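Written below as structure tokens is the structure these notes are about.
The values are calculated or read from the model by the stated rules, or taken from the named source; none is laboratory data. This structure is a prediction, so every number in the text was calculated from the model and none was measured. Positions of Cβ are generated from backbone atoms using ideal geometry, with glycine treated the same way; all protein chains shown enter the neighbour counts. Ligands, DNA and RNA are excluded from the accessible area calculation, which covers all protein heavy atoms including side chains. Shrake-Rupley method; radii C 1.70, N 1.55, O 1.52, S 1.80 Å.
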Amino acid sequence: MKPVTKIGWRAAMAIVIANMIGTGVFTTLGFQLEAVQSTLSIVLLWSLGGIIALMGAFSYAEIGTHLPKSGGEYHFLSKTIHPIVGYLSGWVSLTVGFAAPIALAAMAMGAYLYKFTGLSPTGIAVGTILLLSLIHSFNLKSSSFFQGFFTVLKVILVLGMVLAGCCLLPESGATEWTPKWRQEIFQPSFAIALIYVTYAYSGWNAAAYIVGEIRRPNRNLPIALVGGTLLVSVLYITLQLAFLRQAPIEALVSKVEVGQIAAEYMFGTEAGRWVSYIIGFLLISSISAMIWVGPRISRAMAEDYQFWRFLQKDNKAGIPVRAIWFQAAISIALILSGKFETVLLYSGFILQIFTTITVASLFVLRQKKTPHPTYRSPLYPVLQILFIAISTWMVIYMIADRPVESLWGLANLVLGLLTYFVSVYLSRKKKKAEKAAWQQREFLNNFNNKF
């Protein structure tokens, strides 16, 4: 059943912003500082992450307006390259693409709120996922209102921290404007640090997953993707500078809760705890956006493959309720079994591969003799070639430097391939059974007509 309404560019952009401004911007700086410590290196990392995301947004905007159906990479790659490639991208989205970032955001939220509430971080994380999955199980209107409200609050919070970080005089900061960046950017560790940054920027393509629910996608999808990515890029770069300006490097290195640490240096311990509480609370926006978007992929897969048919059930408002709760179960399982950094690198690695393949699929789409949409990516094919080259460089360094996490990602693909063949087998079996039943009915009808 189709949804009873569609959303405009504001709600679609809110989804992009909420997906992007999540755990990464508040948690990954500490891991980056393990590899690079020059402020110019950090600025370059976050600037490069924004440029990569923007190049991807231009590409996804054209693909999404040409293939305006919800499902993201699953739908795009199934149509442009091959159903098996689309299936594997859908499998990745189903198992880690949204479930893992949801788990990471919920884990970060639990870590932030634990010091304030004293409640179990795991309990906070699991409870949040269950509550937000329930909220998104009703209709598109309530989901849109909830998402927009919390996204606005989160942008206000980030702007407030940026202004405070720039205006308050620091006691001791981590800014280091030295030429050391010239050596750091050529180290393998710089590529690994870029993995963390690209994870923080992940979500720039969020609106492409629900393009079927967007009014006038030829106009509204590019606005949502490109506009949301530009806004978040500016906020990200300035926020990292604010963190570095206010907190000493030894307090930030290897820490997950860098937002809380910087807030305590800016406002004092007690006020910093309140800011930490607000940061943790507003991660609800990120978790909510991913809970909204992710099930649209598994719902699309359920239409095409018998193996996932149990996820096809929608409610009266066209909401894929079963897919929402299936995703929630995977996220909770990751929370109970995975470590933050391991889950982050593993999911970031495998997602980067399929994002790269999707951008490359624009070359295939341009070669097909079909009408092009009104929107076309600027500077084609330069942006796409640069995106693919940088992404490939990152993936190669990831395999060399973090082979365990990379192998986990490749093992996930092998498992996905097995489920593909099972899905194809079940679908063929069902078609044969339906054909046999139809032939039997035809035979009986002919027999009854004769006698």
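Listed values, structure above:
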item	result
Exclusive hit being under 20 Å from the mean Cα position of the chain (by Cα), crowded, with 21+ Cβ neighbours inside 10 Å and either without any contact (Cβ under 8 Å) to a residue 24 or more places away in the chain or outside any helix (DSSP H, G or I) (or both), set 71, 64	71
Test: residue in segment 28-43 that is under 28 Å from residue 292 (Cα atoms) and either open to solvent by 10 Å² or more (accessible area, probe 1.4 Å) or in contact (Cβ under 8 Å) with a residue 24 or more places away in the chain (or both)	yes
Residue 234 being at pLDDT 90 or above, of a type outside the set (S, T, N, Q) and in a helix (DSSP H, G or I)	yes
Residues (outside any helix (DSSP H, G or I) and either acidic (Asp, Glu) or in contact (Cβ under 8 Å) with a residue 40 or more places away in the chain (or both)) located in segment 252-275	253, 254, 255, 256, 257
Test for residue 397: is it in contact with a Pro (Cβ under 6 Å, 6 or more places away or on another chain), part of a loop (DSSP other than H, G, I, E, B) and modelled with pLDDT under 90	no
Condition check for residue 159: free of Cβ contacts under 8 Å to residues at least 60 places away in the same chain, farther than 30 Å from residue 316 by Cβ and hydrophobic (A, V, I, L, M, F, W, C)	no
Residue among 186, 150, 145 that is surrounded by fewer than 19 Cβ atoms within 10 Å (Cβ to Cβ), of a type in the set (Phe, Trp, Tyr) and more than 17 Å from residue 41 (Cα to Cα)	145
Filter result for the condition that a residue is closer than 30 Å to residue 358 by Cα, part of a helix (DSSP H, G or I) and in contact (Cβ under 8 Å) with a residue 24 or more places away in the chain, over 224, 242	224
Selection count, segment 172-203, where residues are charged (D, E, K, R) and either touching a Phe, Trp or Tyr at 6+ places or on another chain (Cβ under 7 Å) or not in a loop (DSSP other than H, G, I, E, B) (or both)	2
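Conditions (1) part of a helix (DSSP H, G or I); (2) acidic (Asp, Glu); (3) open to solvent by 10 Å² or more (accessible area, probe 1.4 Å); (4) within 21 Å of residue 119 (Cβ to Cβ), marked per residue:
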{"position": "277", "(1), (2), (3), (4)": "yes, no, yes, yes"}
{"position": "280", "(1), (2), (3), (4)": "yes, no, no, yes"}
{"position": "301", "(1), (2), (3), (4)": "yes, no, no, no"}
{"position": "346", "(1), (2), (3), (4)": "yes, no, yes, no"}
{"position": "351", "(1), (2), (3), (4)": "yes, no, yes, no"}
{"position": "361", "(1), (2), (3), (4)": "yes, no, no, no"}
